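> Pasting a structure here, questions to come.
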């Protein structure tokens, strides 16, 4: 299983999914209407490392985080 | 009389001179061998206002200051 | 050094502590940046969510950049609510010479604003409203779109 | 505000005082620059001569520039001797927004180095030696040459 966490204001409970790459995650989240506003402006981390490609592979136990637009300070 | 002050490291006693412009001061100071190293790198203020021309007129009671290279901080 | 504090920062205490930590380290320039909550748009204050694991790796990366220039950085940030005229953010650079410090504090603060995983909310009449308009999508966002 | 102090600056006290003076003034960004004496070239410390009348008019001119951007500046400097690892200079900008503060502190500190009527001496074995090589001729120097 892969754990998917939604950070900051996304305000969605974590998911536990049986997926093997980010493409599969994208397909699942695109089907969630409430996520549409966040997909286009959120960055993605796998095991707390930022990733830049949707082809990133996932394995059992991985953690994926979605990071919406930030504003520290 | 015009008072001429030498600031910081120039280490020269003030002069009281009967001069009517900075050209006359330049002539006098050029005759002072110890001043040669300072004339080329010192800025000049009249009554604590920086001046940029040697034609600046002087009147009785004016104060001229020579400011050698600075390094605050 | 990266510090997270619950609520507002005790600015005087933090600046005093950081200055004394480094005063014998032979840094000629110390430049802190202090961010304070402004009274604007009728807010009562701001509130912050911080995602620590990625904030720490982001900060570590900047600390390594600083070391390459002979400098060090320190940062403190608030978690949770910070009211008007209180401070929520301090970043500081220590370096041997002033040019490195002046350039580094600017680059660091700008990248902090653009990249650090911290989310800001306006506090208005007991509501906590995401400051969407003032937020910036992290570089590389949108790959799941 | 321009402060001159005999000997080294009490940095923590000055930063605390300035921060508290302005914390309700609605400035979002506060950036101090602190200059500390480095141990180099075998010096025991530095010593400073300050010509106050021109320093004050130079500072007033910068304060007016700051006001035009909605900002304010404060500055403290030492007169006389300041020993190793003590601080001799603090400049600070307060402004509503960060960009003005980040740019202003840089411009101010650079012009301070190039123009402020302050002379620096190395203290070495009880001698006070003008730091000629590190000094900068003020713009417009040489008219009496």
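> What is the angle, in °, between the Cα long axis of helix D:52-68 and the longest principal axis of the Cα atoms in chain D? Nearest 10 is fine, range 0 to 90.
The angle comes out at about 30 degrees.
> Something else: Given R₀ = 35 Å, FRET efficiency for residue B:30-residue D:107 by Cβ-Cβ distance, to 0.05?
With a Förster radius of 35 Å, E is 0.45.
> Another one. Would you kindly state how much longer the chain becomes between residue A:3 and residue A:37 on full extension, computed as 0.36 nm times their sequence separation minus their alpha carbon distance, in nm to one decimal?
10.1 nm
> Report the percentage of all Cα-Cα pairs in the protein assembly as shown whose separation exceeds 35 Å, rounded to a whole percent.
43 percent
> Would you mind giving the average projected area, over all directions, of the Cα convex hull of the stretch D:70-145 in nm² with one decimal?
7.2 nm²
> Further question: Set the Förster distance to 41 Å, then compute FRET efficiency between residue C:68 and residue A:11 from the Cβ-Cβ distance, nearest 0.05.
Rounded to the nearest 0.05, the efficiency is 0.55.
> For chain C, take the longest principal axis of its alpha carbons; what is the angle in degrees between that and the long axis of helix C:11-22, to the nearest 10 within 0 to 90?
30 degrees
> To the nearest whole number, what is the average tally of beta carbon atoms from other chains within 10 Å of the beta carbons of peptide C:18-30?
5
> Given chain B, report the % of alpha carbon pairs whose separation exceeds 14 Å.
Value for chain B: 57 percent of Cα pairs lie more than 14 Å apart.
> By how many degrees, 0 to 90 and rounded to 10, does the Cα axis of helix D:98-115 deviate from the longest principal axis of chain D?
30 degrees
> So, one more: Would you mind computing, in nm to one decimal, how far apart the modelled labels at residue B:47 and residue D:84 are, each placed 7 Å from Cα along Cα→Cβ?
Rounded to a tenth, the inter-label distance reads 4.8 nm.
> With just the Cα atoms defining each centre, how far is the stretch A:43-70 from the stretch D:68-111? Give it in Å.
42 Å
> In peptide A:62-70, how many Cβ atoms from other protein chains are near each Cβ within 10 Å, on average?
6
> Length gain on complete extension for the stretch residue C:114 to residue C:20, per 0.36 nm per residue less the alpha carbon to alpha carbon distance?
Here the segment from residue C:114 to residue C:20 would lengthen by 30.8 nm.
> Okay, moving on. Taking every DSSP beta bridge that has both residues in the protein assembly as shown, what percent is antiparallel when rounded to the nearest 5?
80 percent
> Just for the stretch B:2-67, what percent of DSSP beta bridges are antiparallel, to the closest 5?
Of the beta bridges lying entirely in the stretch B:2-67, close to 75 percent run antiparallel.
> If you don't mind, there's one more thing I want to ask. Using the per-residue mean of other Cβ atoms lying within 10 Å as a proxy for protection, in what order, highest first, do the peptides B:54-63, D:135-144, D:74-83 fall?
Top to bottom by mean Cβ count within 10 Å: D:74-83, D:135-144, B:54-63.
> May I pose another question? Determine the percent antiparallel among the DSSP beta bridges restricted to the stretch D:2-133, to the nearest 5.
So the antiparallel bridges amount to about 85 percent of the total.
> Assuming 1.306 mPa s and 10 °C, estimate D for chain C with Stokes-Einstein, Rh taken as the Kirkwood radius over Cα pairs, in µm²/s.
Answer from the Stokes-Einstein relation: 98 µm²/s.
> What FRET efficiency comes out for residue A:55 versus residue C:134 if R0 is 35 angstrom and r is the Cβ-Cβ distance? Round to the nearest 0.05.
0.60
> Count, for each residue of A:34-43, the Cβ atoms from other chains sitting within 10 Å of its Cβ, then give me the mean as a whole number.
Counting Cβ atoms of other protein chains within 10 Å of each residue's Cβ and averaging gives 4.
> Something else about it: Which value at 222 nm does chain C reach when only helices count, each DSSP H run of 4 or more adding -39,500 (n - 2.57), with the total divided by all residues and rounded to the nearest 500 deg cm²/dmol?
-10500 deg cm²/dmol
> When each copy gets a label point 7 Å from Cα toward the beta-carbon at residue A:13, what are the spacings between them in nm, shortest first?
Its label point is 9.3 nm from the equivalent points in the other copies.
The numbers here are math on the coordinates, done by the rules we state, and not lab data. Computed from a predicted structure; not experimentally measured. Backbone-built Cβ (ideal geometry, glycine too); neighbour counts: all protein chains shown.
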